[in-house]
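K.L.:
Right, I'll just put the structure down here and ask away after.
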Amino acid sequence: MPAITYEIIHQDKNTNARAGILHTPHGSFLTPIFMPVGTKATVKGVSPEELKDLGARIVLSNTYHLFLRPGAELVREAGGLHKFMHWDGGILTDSGGFQVFSLGELRKIKEEGVTFRSHIDGSKQFLSPEVSMEVQMALGADIVMAFDECIPYPADYEYAKESTARTARWARRSKDAMTANNQGLFGIVQGGMYEDLRRQSAKELVEMDFPGYAVGGLSVGEPKELMYEMLQVSTSELPENKARYLMGVGTPDYFIESVMRGIDMFDCVFPTRVARNGMAMTHTGRIVIKNACYEHDHNVLEENCDCYACRNGYTRSYIRHLFRSDEMFGLRLLTLHNLRFLQIFMKEMREVILEDKFLEFRTNFYVNNPNLQPKQ
């Protein structure tokens with residue numbers, strides 16, 4: 001029995017949106033699902049117990065950061081990432097590729113892998129498909145990602161073609177190097193903003209028969225409409241009986257458009273990062289809590305929200321005061337709210353898919369958020 005399997009429960013009759021169950025060694029999880037990001041083996045400011053209370057069941061940690069600090073062998077010594085971070089739910093680790101390629105001039109790409117300078121101490125480091133798999137096996141995540149190159153935007157066709165071909169070769173090497181039978185390896189579709197390269201990438205990965213597939217290299221600065229077009233192309237080539245994961249996307253409009261195109265899984269630092277900067281997510285748009293209009297606003301962040309902040313009556317006025325006073329509690333309240341908001345949003349999408357009402361849900365969302373409506 002494979003470590004990771006996906007089961008479709010129902011597909012919306014009007015769209016490609018689907019509700020399913022992702023089965024992993026550390027539990028089975030309803031999809032569509034949002035995975036909070038615990039980059040360095042912790043979701044910033046939130047305990048594992050609080051994550052469970054929020055409804056989170058699977059989190060993402062970052063291979064690049066854990067490779068540099070504290071090191072994969074220390075995590076292995078601790079019994080793996082689950083024990084190290086005191087989390088008994090699911091864990092997905094990315095390959096480290098995106099972070100390495102984000103280093104720009106600090107890295108050098110060759111067929112063997114990528115040489116780069118650590119952002120921590122400037123030391124020379126090397127990551128390859130084989131090293132990434134070795135690190136991810138030591139970390140012991142349920143789902144691990146093939147080593148790939150995230151193509152920047154914009155990128156000319158020849159560069160994108162060369163990079164896409166290399167990503168396919170690296171995917172094969174990743175699969176050959178992955179020997180742990182209690183982990184599931186996902187391939188990552190690349191191809192930049194070129195339809196033929198996206199189709200080629202997806203088809204080559206499908207031939208390798210991964211237990212799941214991610215779509216990478218999107219939401220990297222391209223227009224929304226182009227992103228949706230490339231996402232549609234990518235998912236159209238992927239098998240229906242495998243999980244589909246869109247990497248690095250974390251806002252409700254992207255969730256709706258991506259689920260409508262057949263995506264099951266998401267992760268992003270957005271909800272926690274903007275919370276630390278004073279932004280709350282709600283069904284009718286974003287609240288920038290530092291704005292003066294909230295000084296005398298004694299309402300909770302969102303009515304009918306059951307997050308810790310809202311159900312206990314912490315008001316916009318009070319949270320604004322905490323931010324203006326540089327009090328950590330304010331950051332935590334918004335972080336807990338945003339993470340819970342996304343869990344609620346995912347639950348709502350699952351429910352409307354089961355009822356074949358996804359398009360109605362989408363329409364109502366844009367009525368409340370007209371500025372997010374995609375261009376036709």
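K.L.:
For the stretch 1-28, give me each residue that is open to solvent by 10 Å² or more (accessible area, probe 1.4 Å), in a strand (DSSP E or B) and closer than 24 Å to N181 by Cβ.
P.N.:
T5, Y6, E7, I21, H23, T24, G27, S28
K.L.:
Cβ-Cβ under 7 Å, sequence separation 6+ or interchain: first residue in the stretch 206-228 and surrounded by fewer than 16 Cβ atoms within 10 Å (Cβ to Cβ), partner assigned to a loop (DSSP other than H, G, I, E, B). Which pairs?
P.N.:
Sorted first by the residue in the stretch 206-228, then by its partner, the pairs are G221/Y153; K224/P374; E225/P374; E225/K375; L226/M193.
K.L.:
In addition: Out of all the residues in the stretch 52-78, which are over 28 Å from K124 (Cβ atoms) and touching a residue at least 40 places away in the same chain (Cβ under 8 Å)?
P.N.:
Matches in the stretch 52-78: D53, L54, G55, A56, I58.
K.L.:
Looking at (1) touching a helix residue (DSSP H, G or I) at 6+ places or on another chain (Cβ under 6 Å); (2) over 20 Å from A214 (Cβ atoms); (3) at pLDDT below 95; (4) outside any loop (DSSP other than H, G, I, E, B), which is the one condition that is false for E105?
P.N.:
(1)
K.L.:
Continuing with this model, one more query. Scan the stretch 133-164 residue by residue and report those that are under 25 Å from M193 (Cβ atoms) and open to solvent by less than 30 Å² (accessible area, probe 1.4 Å).
P.N.:
Initial filter on the stretch 133-164 (under 25 Å from M193 (Cβ atoms)): 145-164.
Those that are under 25 Å from M193 (Cβ atoms) and open to solvent by less than 30 Å² (accessible area, probe 1.4 Å): M145, A146, F147, D148, E149, C150, I151, A155, A160, S163, T164.
K.L.:
Identify, by number, the condition in (1) without any contact (Cβ under 8 Å) to a residue 60 or more places away in the chain; (2) under 16 Å from F266 (Cβ atoms); (3) open to solvent by 50 Å² or more (accessible area, probe 1.4 Å) that F98 doesn't meet.
P.N.:
(1)
K.L.:
Mind checking which pairs have a first residue in the stretch 231-248 that is more than 20 Å from F34 (Cα to Cα) and open to solvent by 40 Å² or more (accessible area, probe 1.4 Å) and a second that is part of a helix (DSSP H, G or I) and hydrophobic (A, V, I, L, M, F, W, C), Cβ under 7 Å, 6 or more apart or different chains?
P.N.:
E237/A202; E237/V206
K.L.:
Still on this model: I'm checking my understanding of the structure. Among residues of the stretch 165-185 that are open to solvent by less than 20 Å² (accessible area, probe 1.4 Å) and touching a residue at least 60 places away in the same chain (Cβ under 8 Å), which one is nearest to V131 (Cα to Cα)?
P.N.:
Step by step, filter the stretch 165-185, then rank; the result is S174.
The values are calculated or read from the model by the stated rules, or taken from the named source; none is laboratory data. Everything numeric here is computed off the predicted structure, so don't read it as measured data. Neighbour counts run over all protein chains shown; Cβ positions are idealised from the backbone, glycine included. Remember, those area values only see protein heavy atoms, side chains included, never the ligands or the DNA or RNA. Shrake-Rupley method; radii C 1.70, N 1.55, O 1.52, S 1.80 Å.
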